[in-house]
Every structure is written in C-alpha cells, then in structure tokens.
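Remarks on the structure that follows.
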Amino acid sequence: MSDVDVARVSPAIAVSRPAYVEWGPVLAGAFLAAALSFVLLTFLTAIGFTAVSPWPSEGMSPRVAASLAAFFLLLQQIASFMAGGYVAGRMRARWGEGDHDEARFRDGLHGGLVWAIGVVIGAALIFSTASMTVRTGVAAIGAGAAVTSDPMDIVLDTLLRPASASAAETAAAAPAASEGEATTAAATPRQTADTARAEMSRILAKAVTSGGLSEADRPYLASLVAARTGLPQAEAEKRVDQAVTSAREAADTARKGAALLGFITAASLILSLGAAWWAATRGGHHRDTEVPARFVMGTMRRPLNPT
C-alpha cells in the first residue's frame, strides 16, 4: 500500500500526530553539527598555528594565511551543517505526506531548523567567550598586566614618543598633568599619566569622527605632547597632525575589516543554510529508499527496496 493510500484510508493517523516538526531529529542534528564544528575548528586552528611564524621568510604571509583561514572556516561550517542536516532528514519519520515534493520540503525544513539551532548555539558560545575575554581583560588591567593591540594605543605610543633620551627620563620622572585638570594629593604619577593618555585618546577619536581637530583641541593636544616628549610646540603640532592621519587610517582599516568579516559571515551562514537543507532532503531520500547509512557516502550500496 502506498503512502497516498495510507493517508486516504486512515487519515486519523496523520491528524492524531502531535506535531508537524519532530524536534528529536532536529536537536540531534544541531548538536552533532555544533560538536563537529568545534572539532574541525580546533583542528584548523592547530594547522593555522603551524602555518605561520614570527620569524621573517618563514611560514605563510599574513594575507595568505588570513585568506586560507576564511576559506577553511567557511568549509568547516558548511560540512558541519551538512552532517547535521543529513541526520535530521534521515531520522525524521514520514507521516501522512504522500506527495514526494511535500516530503522533500518537510525534510528540508528539518535541516533548516538544524541550521537555526546551530546558529543560536554558536552565537551563545561566541557571546560567552567574548564575555569571558572581557572579564579576563578587566582583571588583567586591575593587576597592571594588561596587553592591548588597540590601533589607537599604537598611535598614542608614536605620538608620545620622547624626542631624546633625556626627555624620556624627565617624562618618566615627572609625568606632566593635563592643563586645567584637578589632581588630588592621592593621585600617583602613573594615574596622572594614564589620565592624560586617556584624554588624548578621546580627543583623537573625536577628531576622527568629526572630521578634524577643533581650534581649541589642536594647540591643547600639542601642548600635552610637548610637555610629555620635550618637543617644541611647532614640532608637537606636526606630530599631532600625523597622529590624526594615522588614527584615520587605523579607523578606515578597521572599518574595511569589519565590513569584510560581515560579508563573509553572512555568506557562510546562507551557504550553510542551503547545505543543511539539501543534506536533509538527501537524508530523507535515503530513508525512503532504504539506502544503508555509512560514513563514506561514496561506498553506499544500491537501495534494498527501490520501490
């Protein structure tokens, strides 16, 4: 008896089924996809560390390494969701749908749900990892052992580089306080220097977003640089102008990197959705044609019951 006949003779069976979606196969496929993605990502990370080197003329260039990393990240995500979608489609039990297209749609829908849950799991892991990183960074800053790679910090390092060794010793012995800034008796030289540095960072950030330094900020910032570095006022103003240009270049590089990362992430998610949907339909087809499930798809035998 065909599926159509079953649906016509005993419609109560299809109606009495509790839900359109079988969450068991969906959750099984989603967790499998997440676990497989973690394993592949760990493996690819280890390969990446072996492919790069801090020594010159050794290992891959940063550009090539970044391109290969993006490609393999995309590949592992697609492969993981394909495996999860196949499991969901293969495990789903057909009920009441006699039309072949309807069965394919329901199988594909289960693969799409695997993708959706997997994306939510991945986002939760990324959020928890980012929160842990922030907490670790705050603790390190409180202990005085924070290491940062913020481009603005690099700009400030160049801006505040002393003009000579004697100026460096003077700046280290008595860091200049910001003009008009009230410092308490309990404030240490290190706190004063950090406060002035933070103020300079805010002024540069404002210059990048507003299109340039204001008439009041430029000489003020130059005076801070002159006091910290021992440069004449005119040289300090030139260094300030160079710092604004460097801050703009750093912001533009960060903007382009964020845009590229966003496009790659969106493309990988869309391709992963298609891969999970297609794999689920293949799993449903193998279920209906009784194809034996094997790890190596190319070695599958012909259907036991083609009809």
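The values are calculated or read from the model by the stated rules, or taken from the named source; none is laboratory data. From a predicted model like this one, the values you see are computed outputs, not experimental measurements. FYI the Cβ positions are ideal-geometry reconstructions off the backbone, even for glycines, and counts take in every protein chain you see. Heads up: the accessible areas ignore ligands, DNA and RNA and are worked out on the full protein's heavy atoms, side chains in. Shrake-Rupley method; radii C 1.70, N 1.55, O 1.52, S 1.80 Å.
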Can you tell me which residue in the stretch 210-247 is most open to solvent (accessible area, probe 1.4 Å), limited to those that are closer than 15 Å to Met200 by Cβ and part of a loop (DSSP other than H, G, I, E, B)?
Ala216
Any chance the stretch 74-96 includes a residue that's within 16 Å of Leu260 (Cβ to Cβ) and among the hydroxyl-bearing types (Ser, Thr, Tyr)?
no
For the stretch 3-12, does any single residue satisfy the condition of being modelled with pLDDT of 80 or more, surrounded by 15 or more Cβ atoms within 10 Å (Cβ to Cβ), in a helix (DSSP H, G or I) and not polar (S, T, N, Q)?
no
Being in contact with a helix residue (DSSP H, G or I) (Cβ under 7 Å, 6 or more places away or on another chain) and of a type outside the set (Ser, Thr, Tyr) is the requirement here; does Phe105 meet it?
no
When residues of the stretch 13-55 are limited to those that are in a loop (DSSP other than H, G, I, E, B) and aliphatic (A, V, I, L, M), the one modelled with the lowest pLDDT:
Ala19
Whichever residue in the stretch 56-113 is assigned to a loop (DSSP other than H, G, I, E, B) and closer than 14 Å to Tyr20 by Cα and, among such residues, is farthest from the chain's Cα centre (by Cα):
Gly96
Take the stretch 274-293 and flag every residue that is open to solvent by 60 Å² or more (accessible area, probe 1.4 Å), aliphatic (A, V, I, L, M) and part of a helix (DSSP H, G or I).
none
Checking Ala186 against (1) at pLDDT below 70; (2) under 30 Å from Ala33 (Cβ atoms); (3) open to solvent by 60 Å² or more (accessible area, probe 1.4 Å), only one condition comes out false. Which one?
(2)
